[in-house]
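Taking it in order: structure first as structure tokens, then the write-up.
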Amino acid sequence: MPAEPVRDVFTPSQLNTLARDMLESAFGAVWIEGELGNVSKPASGHLYFTIKDARAQIRCAMFKPKSSWLPFQPREGLHVLGRGRLTLYEARGEYQLVLDHMEEAGEGALRRAFDQLKARLAAEGLFDAERKRPLPAFPARIGVVTSPSGAAIRDVLSVLARRFPLVEVDVLPVQVQGAGSAAQIVDMLQRAGASGRYDVLMLTRGGGSLEDLWSFNEEAVARAVAASPVPVICAVGHETDFCLAEFASDRRAPTPSVAAELLVPNRDDLARRLETLQRRLLARQMQTLRDAMQRTDRASLKLHSLRPQAYVQMLCRRQAEAFRRLDAAWKRRLERDRARIRHADAVLRARHPERRLARLRERVAAIANRPQSAIVRRLSHEAMRLD
């Protein structure tokens with residue numbers, strides 16, 4: 001009689017554990033797309049549901065806290081795209097898919113297109129921080145590119161009027177979702193930038209799904225924002241929403257209201273700052289006045305110690321004495337010059353040619369008879385010698 005073969009006998013727990021290990025090792029992370037059903041969220045915070053199509057369904061679970069981070073409310077009939085790992089629930093012997101990510105299926109393709117376009121534009125340097133321009137500190141006129149009937153423009157106008165009533169705001173109406181909206185946004189940005197009327201532009205709209213916000217993820221809109229000749233601040237959707245126009249803008253704001261707060265100063269803060277500056281200016285003026293008074297007092301004391309009045313009186317006496325000596329010197333010199341003139345006049349009169357001519361005439365008259373007398377004497381003498 002042949003020996004009976006050895007049988008491998010498993011308990012249900014062992015078999016389920018083996019099946020779970022084989023299932024988890026055979027499949028990695030899998031993506032699944034379908035319709036939600038049997039949605040249940042007990043007090044533990046875990047989320048249990050099925051994902052089904054027309055022919056089959058699979059049990060799924062999403063444990064806390066990932067289930068708490070979902071950006072939407074799971075509900076019956078919602079079409080979703082999920083990612084998870086296959087496993088087996090040993091207690092019941094049922095295999096299930098434990099998800100770590102889930103999104104509305106309509107947004108999945110858009111999200112992938114968003115990521116691809118974002119990577120391409122970032123590689124071109126369109127989002128670089130070096131090309132970001134600072135917002136003007138005190139804009140005189142703001143252009144708001146948005147829907148004129150949306151809640152965002154009401155929030156923006158309310159905040160601007162409350163914080164800085166002096167600013168002028170022009171609402172530049174565009175369609176913010178749907179067919180043709182991206183072309184309208186691009187055209188309005190280009191015309192507003194070329195007009196030269198605005199110090200800064202705001203591109204904004206309220207919240208919505210990724211599909212609703214898709215106009216702001218169009219490549220043409222992102223490039224128009226980056227090419228704007230004036231700074232652009234972008235606030236699209238809620239704080240958790242991000243779009244390519246925001247990455248290309250000079251400043252991103254989480255909400256339209258925050259964007260308005262970033263654009264203009266608070267008038268109350270300005271009033272307090274002006275009061276502070278006025279107090280500092282007054283204190284500086286008072287300190288300058290005190291310093292000038294101290295310098296004046298020191299100069300007065302120094303002036304008093306030097307007795308400038310006595311010094312001035314001494315100078316006046318020296319000046320008077322100098323004037324007296326100068327006058328006496330001039331008088332002496334004048335008297336000497338006068339005496340020299342009188343002497344020269346006397347000498348001139350004494351040597352006048354008429355007086356000399358008279359004297360010469362007298363001498364001629366005196367010697368006029370001398371030759372005849374001399375001749376007579378000579379003749380007499382020669383006659384005597386002859387005799």
**Item:** Residue that is surrounded by the fewest Cβ atoms within 10 Å (Cβ to Cβ) [pool: residues in the range 244-262 that are in a helix (DSSP H, G or I), among the hydrophobic types (A, V, I, L, M, F, W, C) and touching a helix residue (DSSP H, G or I) at 6+ places or on another chain (Cβ under 8 Å)]
**Value:** Phe247
**Fill in**
When the range 263-272 is checked residue by residue, the ones that are under 20 Å from the mean Cα position of the chain (by Cα) and open to solvent by 60 Å² or more (accessible area, probe 1.4 Å) are Arg267, Asp269
**Prompt:** Hey, among the residues in the range 165-198 that are part of a loop (DSSP other than H, G, I, E, B) and more than 30 Å from the chain's Cα centre (by Cα), which one's nearest to Pro254 (Cα to Cα)?
**Reply:** Val176
**Request:** Kindly indicate whether any position in the range 55-73 is hydrophobic (A, V, I, L, M, F, W, C), assigned to a helix (DSSP H, G or I) and open to solvent by less than 80 Å² (accessible area, probe 1.4 Å).
**Result:** no
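If the requirement is being outside any helix (DSSP H, G or I) and of a type in the set (Val, Ile, Thr), which of these qualifies: Val221, Val225, Val230? Break it down into steps so the answer makes sense when it comes.
Details: Val221 fails: outside any helix (DSSP H, G or I); Val225 fails: outside any helix (DSSP H, G or I).
From the options Val221, Val225, Val230, the qualifying one is Val230.
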**Request:** Could you list, in sequence order, all residues of the range 119-154 that are in a helix (DSSP H, G or I) and open to solvent by 70 Å² or more (accessible area, probe 1.4 Å)?
**Result:** Arg120, Ala123, Ala129, Glu130, Arg154
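Residues that are in contact with a helix residue (DSSP H, G or I) (Cβ under 7 Å, 6 or more places away or on another chain), assigned by the TED database to the domain that holds Val169, open to solvent by 20 Å² or more (accessible area, probe 1.4 Å) and among the charged types (D, E, K, R): does the range 234-241 have at least one?
There is no residue in the range 234-241 that is in contact with a helix residue (DSSP H, G or I) (Cβ under 7 Å, 6 or more places away or on another chain), assigned by the TED database to the domain that holds Val169, open to solvent by 20 Å² or more (accessible area, probe 1.4 Å) and among the charged types (D, E, K, R).
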**Item:** Residue ID - surrounded by the most Cβ atoms within 10 Å (Cβ to Cβ), chosen from residues in the range 199-216 that are over 29 Å from the mean Cα position of the chain (by Cα) and in a helix (DSSP H, G or I)
**Value:** Ser215
**Prompt:** Which of the residues spanning the range 1-47 are in a loop (DSSP other than H, G, I, E, B) and either at pLDDT 80 or above or open to solvent by less than 90 Å² (accessible area, probe 1.4 Å) (or both)?
**Reply:** Thr11, Phe27, Gly28, Lys41, Pro42, Ala43, Ser44, Gly45, His46
**Request:** Quickly run through the range 183-198 and pick out the residues that are open to solvent by 10 Å² or more (accessible area, probe 1.4 Å) and either under 15 Å from Leu244 (Cβ atoms) or not assigned by the TED database to the domain that holds Arg154 (or both).
**Result:** Val186
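The values are calculated or read from the model by the stated rules, or taken from the named source; none is laboratory data. This one's a predicted model, so the numbers in the text were calculated from it and none came from an experiment. Note: ideal-geometry Cβ built from the backbone for every residue, glycine included; neighbour counts use all protein chains shown. Just the protein is used for accessible areas: all its heavy atoms, side chains included, with ligands, DNA and RNA removed. Shrake-Rupley method; radii C 1.70, N 1.55, O 1.52, S 1.80 Å.
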